[in-house]
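Here the structure is laid out as structure tokens; the discussion comes afterwards.
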Amino acid sequence: QVQLVESGGGLVQAGGSLRLSCAASGSIFSINAMGWYRQAPGKQRELVASITSGGRTNYAASVKGRFTISRDSAFTVNLQMNSLIFEDTAVYYCNADVFAAGIPSSRLYWGQGTQVTVSS
């Protein structure tokens, strides 16, 4: 019954900014790491950014220096996207490595995705 819900997607002009948020809820004991993936039409889903429980971050080369991932309390992860370009257009998915309450091992959960469209 763990759920991840993304918000903040939309349509922006190239050069603009968006801030995505993802909130995990349900029977959560802890979360090891959270991240953002994206999938453009006809392409494979790719990692955009991730952050561990210790605050270590990882970014795709294509977004490094433009995007910033952060993790808030209450099982929330954010993705600040600046200097957006047309190639950033995709459905963005939140994921989390979650220890559910009462379950001895973690598993990966995914949100439903939020559309980001960058117009040129």
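The values are calculated or read from the model by the stated rules, or taken from the named source; none is laboratory data. Just so you know, these numbers come straight off a predicted model, no measurement behind them. Every residue, glycine among them, receives a Cβ derived from its backbone with ideal geometry; neighbour counts consider all protein chains shown. Heads up: the accessible areas ignore ligands, DNA and RNA and are worked out on the full protein's heavy atoms, side chains in. Shrake-Rupley method; radii C 1.70, N 1.55, O 1.52, S 1.80 Å.
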Extend 7 Å from the Cα of residue 45 along its Cα-to-C-beta direction; within the stretch 66-86, residues with backbone N under 20 Å of that point are 69-70, 76-80
Quick P(r) readout (the stretch 63-120; Cα-Cα; 10 Å bins; whole %) gives 18, 43, 27, 10, 2
First compute the accessible area of the chain with a 1.4 Å probe, then give the percent of it belonging to carbon and sulfur atoms.
51 percent
In the full protein assembly as shown, how much of residue 64 is accessible to a 1.4 Å probe, in Å² to the nearest 10?
130 Å²
In nm², the average projected area of the convex hull spanned by the Cα atoms of the chain is 7.1 nm²
So the FRET efficiency between residue 56 and residue 110, C-beta based with R0 = 22 Å and rounded to 0.05, is 0.55
Identify, among 59, 90, 105, the residue whose Cα sits farthest towards the positive end of the charge dipole of the stretch 6-106, taking +1 on the Cβ of Lys and Arg and -1 on the Cβ of Asp and Glu, with the dipole about the Cα centre.
59
How charged is the neighbourhood of residue 89? Take every other residue with its Cβ under 12 Å from the Cβ of residue 89, and add Lys/Arg as +1 and Asp/Glu as -1.
0
